[in-house]
Amino acid sequence: MQSYPYIITISSEKGGVGKTTLATNLAIYLKAMREDLPVTIFSFDNHFTIDRMFALKGQKQKGDVHDMLMDVPAGDVVQLGQYGVGFIPSSTELGDIHERFKGPMTLTRMLAESGLSGIVIIDTRPDLNILTQNALYAADRVLIPVKDMPSLDNCRNIFSLFEQRGIDKKSLALIPCLIDERIKFDGVFKDLKTLLRAFAANRGYRCLDTYISKSPKVESLNTNPDGRIYPILTHARGTDVHGQFAEISRDLLRSYDATPESRACLYFTWLAEKEGKRKESYLARLEGLADRCLICGTLLEEQPDGRGFYYETSDRTARGFLHDSCFTEMLCTALYGMTSNSQAFDAARMLMADKAGKTISLLSPKTSDSQTVLDYRQFSPTGEQIFQKDVDLTGFSEGILDGNNSRLYLLLNESLAGYQGRLRSDSWLAVHPVDPSDPVAVLHEDRYRSLQKMQIQIGAAVAQA
């Protein structure tokens, strides 16, 4: 059974609020309180504090955060570090990542597919770039450290992001950090933590009951001759901060235990359901295809090679594939009166194949009185019309087209003719080039959605005409 991680994101736009100290020490406390619980931490910042705290001497690196963000499964690059905490080594090369993270849920998907379980802690940069946003949206709990009014003011941007996306803000919680308890005020608010909580409540922000005190002892753990960073759990047990971290950790474990399905799990379930619907739609599109090439009449199952074009009528009543040789030879004949006996036929067919393979062809028969004309156009992949020609279809309704246009007659009759051989009113046929090595890929969700957009553009061009 696949397991999914419970995500805790530590975020603040304000630097110097104790964000990384909170993230790293929470990882250690959570692991100490529940030894059988996997705890993993990584950072989008480039200060390498996480590496200095958790890396084991002589440990061979398997990858880093950059690799994970390039879609290497996080479970393949996580390393077991000090204190039993798993960590993903930091990277300075995250500048090229942002283009990959245009979607807000990219990181959620990666973590859902990561193979990680237990609790994952994400330490973010002091800004709201696309990586930070992804970390916020992926989180089951977001802790926002605040130490003064400026850092409290910055919180509104995080809350605004959730409002814009329509995401429940219950996961967001402020935590007063680096509180100097020697500072006292006159009036209603006796100290800084009370002041911050009151202002947070006034703005509708949830605030943890616990806070983190400012402690010279804790600050000294980051500055020592050997360059290591020591944890509060082992080197500051006699301080108030030790008890405060223990209380926060117990609160997080209660939330973890009370969450039957993490955000990553719910998102993965949604993706699976969406993929299932995509497959159903894809299979439905496959079932509606014609079994023959409408030009040569050959069963496509018997001659599957060379299916270089996909056609679909404007009303979607006829859909299927055409052999590329059949379609290009038909165009040579219908547009320019050339047959296989013509001297320059082979050269013309090659030119037509090249052009048709890069454009979308529109075939729109128009009937008035006893005359039928084919309005033939070609459109670029961006929807720009680049060619137009009228082709005389006299005799189409009676089925007496001359031999040169017999292939064109077959295509139009099989796809656009309705009752008693008459053309369906206002219907037209579009023929799209596809990859002959994998023609049915055009029916996959994203490709087919793009094709439908092009059908709408072609329809607008026909309406204008």
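Of note:
- Some residue of the range 319-326 being over 30 Å from the mean Cα position of the chain (by Cα) and exposed (fewer than 15 other Cβ atoms within 10 Å of the Cβ): no
- The condition of being assigned by TED's automatic domain parsing to the domain that holds Ile248 and in contact with a Leu (Cβ under 6 Å, 6 or more places away or on another chain) does not hold for Gly115.
- Among (1) in contact (Cβ under 8 Å) with a residue 24 or more places away in the chain; (2) within 28 Å of Leu172 (Cβ to Cβ) - the single one Lys193 does not satisfy: (1)
- Restricting attention to the range 143-168 and to residues that are touching a residue at least 24 places away in the same chain (Cβ under 8 Å) and under 22 Å from the mean Cα position of the chain (by Cα), the residue that is surrounded by the most Cβ atoms within 10 Å (Cβ to Cβ) turns out to be Ile158.
- Residues of the range 6-31 that turn out to be at pLDDT below 95 and in a loop (DSSP other than H, G, I, E, B), as a count: 7
- Residues located in the range 358-378, provided they are of a type in the set (Asp, Glu) and either closer than 10 Å to Val391 by Cβ or not assigned by TED's automatic domain parsing to the domain that holds Ala460 (or both): Asp375
- Pro126 passes every criterion in (1) assigned to a helix (DSSP H, G or I); (2) touching a Gly at 6+ places or on another chain (Cβ under 9 Å); (3) in contact (Cβ under 8 Å) with a residue 60 or more places away in the chain; (4) of a type outside the set (Val, Ile, Thr) apart from (1).
- Criterion: at pLDDT 90 or above, β-branched (Val, Ile, Thr) and in the same structural domain as Ser11 (by TED's automatic domain parsing) - qualifying residue of Val188, Val142: Val142
- Set side by side, the residues Thr339, Thr382, Thr317 differ, and just one is without any contact (Cβ under 8 Å) to a residue 40 or more places away in the chain and at negative phi, which is Thr382.
- The residue of the range 340-383 that is modelled with the lowest pLDDT, among those that are assigned to a strand (DSSP E or B) and surrounded by fewer than 19 Cβ atoms within 10 Å (Cβ to Cβ), is Ser368.
- Restricting the search to helices (runs of 4 or more DSSP H) fully inside the range 197-264 and requiring at least 1 residues that are small (Gly, Ala, Ser), modelled with pLDDT of 95 or more and within 30 Å of Met110 (Cα to Cα) gives 240-257.
- Scanning the range 385-395 for residues being part of a strand (DSSP E or B) and in contact (Cβ under 8 Å) with a residue 24 or more places away in the chain gives a total of 5.
- For the range 297-331, the set of residues classified as over 28 Å from Ser450 (Cβ atoms) and either outside any strand (DSSP E or B) or of a type in the set (Asp, Glu) (or both) consists of Gly297, Thr298, Glu302, listed by residue number.
The values are calculated or read from the model by the stated rules, or taken from the named source; none is laboratory data. Bear in mind that the values here come from a model prediction, so they are computed numbers and not experimental data. All Cβ positions, even for glycine, are placed from backbone atoms using ideal geometry, and neighbour counts span all protein chains on display.
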